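Contents: one structure, followed by commentary.
The values are calculated or read from the model by the stated rules, or taken from the named source; none is laboratory data. Note that this is a predicted model, so its numbers are computed, not measured. Note that each Cβ is placed from the backbone with ideal geometry, even for glycine, and that neighbours are counted across all protein chains shown. For the accessible areas, the whole protein counts, side chains as well, though only heavy atoms, and no ligand, DNA or RNA atoms are used. Shrake-Rupley method; radii C 1.70, N 1.55, O 1.52, S 1.80 Å.
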Amino acid sequence: MGSSSSSLSHIPDGQQLMGETGFSAAHLLRLHERFELLDKDSRGHLRPEDFEEIRELTENPVGGRIIGAFFPPEKETLDFPSFVRILAHFRPTGKNRSRDRTQPEPANSRTGKLKFAFKLYDQDRDGKISRDELLQVLRAMLGLQVTEEQLQSIAERAIQEADLNSDGAISFDEFKKSLEKVDIEHKMSIRFLK
Amino acid sequence: MAGLGSGTSPRLAGFVSLSLLVFVAVISASPDNVDGANETLRRPSGDSLEDSHHHPRNSTEHRKAFPVLAFNYEHVSKPFVISLWILLALLMKLGFHLIPRVSHVVPESCLLIFVGLLVGGVIKAMNQTPPVLDTKLFFLYLLPPIILDAGYFLPIRAFTENMGTILVFAVVGTLWNAFFIGGMMFAVCQIEAAQVGHVDLLSCLLFGSIISAVDPVAVLAVFEEIHINELLHILVFGESLLNDAVTVVLYHLFEEFAHEGTVTVGDALLGVVSFFVVSVGGIMVGVIFGILGAFTSRFTSHSRVIEPLFVFLYSYMAYLSAEVFHLSGIMSLIACGVIMRPYVEANISHKSYTTIKYFLKMWSSVSETLIFIFLGVSTVEGPHNWNWIFVIFTLILCLLSRVLGVVGLTFIINKFRIIKLTKKDQFIVAYGGLRGAIAFSLGFLLTDTEKKDMFLTAIITVIFFTVFVQGMTIRPLVELLAVKKKKESKASINEEIHTQFLDHLLTGIEDICGHYGHHHWKDKLNRFNKTYVKKWLIAGDRSTEPQLISFYNKMEMKEAMMLVESGSAAKLPSLASTASLQNAQQRAPPKQRAIPSISKTREQEIRKMLRANLQKTRQRLRSYSRHDLFSDPFEDNMSEIRFRKQRVQMERRVGRHTLIFKMETAVLLSLQSSEHKVYTYDESESPRDGAAPETSPDSVSLLSESSQRPGQSSRMKKRGDAEQGARAPDNQEEQQKLSRCFSDPGPKEEEEGEG
């Protein structure tokens, strides 16, 4: 695994990316290989169609949202640093080294991971998961197997449970609170990226 | 035994039960010796009817008066004794909880062993032979219920997430323990002073393999009381279950060769192969029986009563079949329970599910109690061969090897884990390595009497040490080290939704990274399960029900039942409790507490009507369908409750006390309409004029909101008859679904063909 800095030179801003995301050089190389694999036309950047080539992703109920997370509304292309930055959310959380408050929250901390998941729910980016957004997610996950009524009831109940300030939508803090018993650090980490 | 916590009566009860236990123990012991005498006594007497049946010639010999009362104990002695033992063991268990101080400090298992010791001592003092923990009894009757209970309710998610760690601990850890203890004991035996030079290496290894295994019964007994966090619990417990395969292989291997005297490389290799055969074979046997059980449960919709039996019998058969081939019975049982459960639960009725749950808990509780008591009795019985050096060294080596094993393995495992095991975790895992009755029974099975006694003594000492010392001190240690406890969490629909969402998300990310990880395979398994397996093993259209829906339904049903129970349990509190809830929420001044101007008689009338209608609807139970649950409130009791609940919750926020009446009005409205009557309640029965006009639009809007199923005619019931006609064809199939859900085998629902 030649992870010397010479092979890292393939990757623009390799060192900076490493520092920013916490990936090791070996990981960055692996991700770069994958990036180049997905980038079939060797354009140097990815487009949504490249993601749609991944068969399993199209079968995935939230596949569309995931692709959407990589491509924010303004951008049509995805370069390698952005690719890595998003995947950095899924790095396993390390030990809590004391960091000063001034540094931004690392992407792979619990809050960082939850923020990423929250963004996938909150498509209109207003900072809240409204009932409709929740319904859309449920519809995507449960498909045609359930009736509209059931979806409505589930969504209604979910909001009732989580909504503490009774504004009819789930804010990020309420989202965090409803998941406090779930081991997010474990659940939202991929070992490959260790 | 009606002691309600007062000082003297628990002690009295305890004393009484103890003396009864001793009494029965004596009785049980005596027939073994006195049977011979009874035989001779029986022939000449010919008094009882039984004897006249067995010895017909006696009745002709001399004519006696017809015996009005006779005493024939031998006829029922065996079941009588067994029942008495079980009964008194359970009474002891009851008794412990009446003595509050003791049950906090000492775990139940210790108390039971102690009782067993006492009983054994008493029996011995009377020179009788106490019943011993027979190996066959233990392995065939006492152990399976406990394992099945554990396996059926195994938390699958936690188990599979930590499977790697558990396997490493179970296999490598047990091997390490066995060889370390065996080898070091052999070294110890070489010490001249011990006078145990006759124990050869293979016997030592055999001994090591017996004593190295962590015992699931002891672990369950102790860990259940300390409520430790799920990760640690599943690690220790999973290890204790999976190490059975290793134990079986090692035991048989060394036992064979202890006779031979030498082990060749070929034999060692065969041993390794045997390990794989034993474990994988055991699992496969379990899977086969699990699938059979699931398949059978698909067809039980007409015989609900025997459903639980299928679960129990298939599992037991899995265990016994595995034991036939010397495969790992425990792993077979676990695999059977795990495989069977999701499909069986989708097929069986709610009552059967409850039955299975409680029977399993009951049997495992009885088994556990009996095991510990018998352990105590067998200890007293002996035979013992106490050898100071052997025993002390065994104890020290057990602890040492456990600690070394856990620390060493954790060091390696942590390189592969996402969530590392901390030192505290390691300590608990090491400390939780309790030995128990399995070790004892395996030791009992040994045939070589010379070393057997010595081994047994050492085994019993280790068991006692782990159960008493470690069992008693683990709770304060857990407190001291501030180990994370089990979080009591209510089932939350949010958690379920988000967890599933995250599953999909992670699968997607793994696909993007091109990494075939944990989530990828889980997703593949789920897909396979959904497309093929569920179709075969789950009856009806539940086979296509997504997991989220089942979860949601279960939750709703649970809450509905709770609300029904709390609501109909008492007359007034249903009103007062919601009132007090509101008050607690709002801290409203007392002026709102007064029940507004409604006469007592009026209230009674309302309540009577309400109850009568609720009862009727419950009995009718027609046209219930899981899919209609949320869209057809007029036919569905549960939906009523849900509405009540929702209204109550909403009103907590708004804080209007009066809404209780609105709520009940709404309920009654819908109930009445379900009987296809015209609205009459509104005008005549409303408690206050002010409330009435508000009530109807509210309730109407509420009810119509959720009944917007386009395909079905569930509009507001002013057009009751039209509804009735439309619903009739649905009834037949819905009744089927209904009967499955509520499991009332009664014919009532078919007869009430109102709609």
Excluding ligands and nucleic acids, what accessible area in Å² is computed for B:W521 using a 1.4 Å probe, to the nearest 10? 140
Once the Cβ-Cβ distance between B:L269 and A:A140 is put in as r, and R0 is 45 Å, what FRET efficiency do you end up with, to the nearest 0.05? 0.25
Cα gyration tensor of the stretch B:516-558, axes a ≥ b ≥ c as square roots of the eigenvalues: rounded (a/c below 1.5), prolate (a/b > b/c) or oblate? oblate
Going by amide H atoms built from the backbone, whose H comes under 5 Å of the H on A:S171, apart from near neighbours? A:I129
Once Lys and Arg get +1 and Asp and Glu get -1 on their Cβ, which of B:N529, B:A539, B:H518 lies farthest toward the positive end of the dipole of the stretch B:516-558? B:H518
Answer with one residue from A:G64, A:L164, A:G22: the one whose Cα lies farthest towards the positive end of the charge dipole of chain A, charges on Cβ with Lys, Arg +1 and Asp, Glu -1. A:G22
What order, most packed first, do the peptides B:178-189, B:284-295 have when packing is the mean number of other Cβ atoms within 10 Å of each residue? B:284-295, B:178-189
Can you give the mean number of other chain Cβ atoms that lie within 10 Å of the Cβ atoms in peptide A:175-183? 4
With a 1.4 Å probe and all protein chains in place, put B:V564, B:V467 in order of accessible area, largest first. B:V564, B:V467
Pairs B:K136/B:K351; B:K487/B:K558; B:K420/B:K534; A:K187/B:K487; B:K361/B:K487; A:K75/A:K115: which exceed 26 Å Cα-Cα? B:K136/B:K351; B:K420/B:K534
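What FRET efficiency comes out for A:E148 versus A:H186 if R0 is 25 angstrom and r is the Cβ-Cβ distance? Round to the nearest 0.05.
It comes out at approximately 0.10.
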In the Gaussian network model of chain A, springs joining C-alpha atoms below 10 Å, which of A:I154, A:I184, A:I170 carries the largest mean-square fluctuation? A:I154
What residues of the stretch A:15-56 lie in the reach of a label at A:F71, counting those whose backbone N is under 14 Å from a point 7 Å from the Cα along Cα→Cβ? A:39-40, A:45-54
Taking amide H positions as placed 1.01 Å from N in the peptide plane, with prolines and chain starts having none, which residues 5 or more places from B:G436, or on another chain, fall under 5 Å of its amide H? B:D215
In the Gaussian network model of chain A, springs joining C-alpha atoms below 10 Å, which of A:R110, A:R91, A:R34 carries the largest mean-square fluctuation? A:R34
HN-Hα couplings for the stretch B:399-410 via Karplus (6.51, -1.76, 1.60; θ = phi - 60°), in whole Hz with x for Gly/Pro, come out as 4, 4, 5, 5, 4, 4, x, 5, 5, x, 5, 4
10 Å Cβ neighbours from other chains, averaged over peptide B:510-520: 6
Once you have a ≥ b ≥ c as the square roots of the Cα gyration tensor eigenvalues for the stretch B:336-434, tell me rounded if a/c is under 1.5, and otherwise prolate or oblate according to whether a/b is larger than b/c. oblate
Residues of A:53-66, mean number of Cβ from any other protein chain within 10 Å of their own Cβ, rounded to a whole number? 5
From the Cα centre of the stretch B:368-421 to that of the stretch B:469-548, the distance in Å is 32
With a 1.4 Å probe, what is the total accessible area buried between chains A and B, in Å² rounded to the nearest 100? 5200
What is the percent carbon and sulfur in the accessible area of the stretch B:516-558, measuring with a 1.4 Å probe over the protein chains and ignoring ligands? 65
Under the classification rounded if a/c is under 1.5, otherwise prolate if a/b is larger than b/c and oblate if not, where does the stretch B:67-226 fall, given a ≥ b ≥ c as square roots of the Cα gyration tensor eigenvalues? oblate
Have a look at A:Q145, A:Q16, A:Q136 and tell me which one the Gaussian network model of chain A (Cα, springs below 10 Å) gives the largest fluctuation. A:Q145
With a point put 7 Å past each Cα toward its Cβ, work out how far B:Y73 is from A:E33 in nm, to one decimal. 8.1
Inter-part gap, Cα centre of the stretch A:137-194 to Cα centre of the stretch B:290-349, in whole angstrom, is 34
